[in-house]
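The values are calculated or read from the model by the stated rules, or taken from the named source; none is laboratory data. Values in this document were obtained by computation on a predicted structure and should not be read as measured data. Don't worry about glycine lacking a Cβ; one is built from the backbone with ideal geometry, like all the others, and counts go over all protein chains shown.
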Amino acid sequence: MGKDMVLVGLITSAHGIRGEVKLRSFTAEPEAIAAYSPLETASGEKIVIAKLRAQKDGFIAILKGVTDRNRAEALRGTELFVPRARLPEPEDGEVYIHDLIGLPVHLADQTRLGEIVSVENYGAGDLIDVKVEGRKDTVLIPFAHSFVLEADGVKVVVDLPEGFLDESPSPLAEEGGAAAPGEGSPHPPRSRSAPSPTRGEGKKR
C-alpha cells in the first residue's frame, strides 16, 4: 500500500455467527474510524462500517454485506486504509504512524541506528521496529516521550537507555511488546495513524 493510503484499522477476528467482526482502530479517537467509512483493503475492496460498539480491547463491528461467520472469518487480518486526501495534514509536532515506516533512526548523538521496518502495537502502545545497521535482527523501541526525542516525518531521533541494544533479546520482545517498566507508553503529542475528523477543526470530544 502506497503512501497515498493511511492505515486506520485492522480486523482481528470474527465474532459470533452473524458476520460481526472484532476490529482495532488506530485513529487518535478510536471510535472515529467509523466516520472514515467506506474504508479500503490493500486489494482495493470497500469496507463499510454499519455499526460499531466498544469492547475491552477494541470494537465489535457490523460491516455492510457481511452477514455470516464464514465471510467474517475470511476478513481476519485485513488491514483497513483511508486515502490520505481525506485526512487533514499533520500539525507541527505530529506524524502519521504509517509515515514512520522507512524513516531513518538516529541516536541522540546523530549516529545512524537503522531504519524503521514496521510499527507494532501489542496493547501497551506503539513500538517502532528498527532494522539496526550491521545486525541481522531488529529492535523494538517504544514510540514514547521517554525514548523519542524527535519525529519530524524525515527522521526519528531516539535516546536509548544504556544496554538497550545489547545482542540478547530485550524485555520488550520477551514480554510481547510491553513498555519498559515504569515508563508507560504514551505517544509523542497526538502522533497517531489518523486524527479524528473533528480535530482539524480544533474540536475535542
Considering only residues that are in contact (Cβ under 8 Å) with a residue 24 or more places away in the chain and surrounded by fewer than 16 Cβ atoms within 10 Å (Cβ to Cβ), which ones fall in the stretch 84-98? ALA85, ARG86, PRO88, GLU91, GLY93
With (1) free of Cβ contacts under 8 Å to residues at least 24 places away in the same chain; (2) under 18 Å from ASP152 (Cα atoms) as the list, and LYS56 as the residue in question, which single condition is left unmet? (2)
Taking PHE26 and the conditions (1) on the phi > 0 side of the Ramachandran plot; (2) buried (at least 17 other Cβ atoms within 10 Å of the Cβ), which numbered condition does it fall short on, given that it satisfies the others? (1)
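Residue-wise test of (1) of a type in the set (S, T, N, Q); (2) farther than 26 Å from ASP4 by Cα; (3) at pLDDT 50 or above.
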| position | (1), (2), (3) |
| --- | --- |
| ILE116 | no, no, yes |
| GLU120 | no, no, yes |
| VAL130 | no, no, yes |
| HIS145 | no, yes, yes |
| VAL156 | no, no, yes |
| GLU167 | no, yes, yes |
| PRO188 | no, no, no |
| ALA194 | no, no, no |
So, in the stretch 99-114, how many residues would count as being modelled with pLDDT under 95 and exposed (fewer than 14 other Cβ atoms within 10 Å of the Cβ)? 5
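Does VAL48 fit the bill of being under 19 Å from the mean Cα position of the chain (by Cα) and of a type in the set (Val, Ile, Thr)? Spell out how you get there, then give the answer.
On the way: under 19 Å from the mean Cα position of the chain (by Cα): no; of a type in the set (Val, Ile, Thr): yes.
For VAL48, the condition - under 19 Å from the mean Cα position of the chain (by Cα) and of a type in the set (Val, Ile, Thr) - is not met.
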Give me the pairs: first residue in the stretch 8-27 and among the aromatic types (Phe, Trp, Tyr), second residue assigned to a strand (DSSP E or B), beta-carbon distance under 7 Å, and six or more apart or on different chains, which are they? PHE26/LEU7; PHE26/VAL8; PHE26/GLY9; PHE26/ALA194
When you scan the stretch 132-151, how many residues do you find that are outside any loop (DSSP other than H, G, I, E, B), touching a residue at least 12 places away in the same chain (Cβ under 8 Å) and over 14 Å from ASP166 (Cα atoms)? 4
Within the group VAL82, VAL139, VAL119, VAL66, which residue is under 30 Å from VAL157 (Cβ atoms), in contact with a helix residue (DSSP H, G or I) (Cβ under 9 Å, 6 or more places away or on another chain) and not assigned by TED's automatic domain parsing to the domain that holds ALA151? VAL82
Can you find even one residue in the stretch 105-112 that is hydroxyl-bearing (Ser, Thr, Tyr), out of contact with any Gly (no Cβ under 6 Å at 6 or more places or on another chain), within 28 Å of GLY153 (Cβ to Cβ) and assigned to a strand (DSSP E or B)? no
Given (1) buried (at least 18 other Cβ atoms within 10 Å of the Cβ); (2) in the same structural domain as VAL117 (by TED's automatic domain parsing); (3) not basic (Lys, Arg), GLY19 misses just (2)
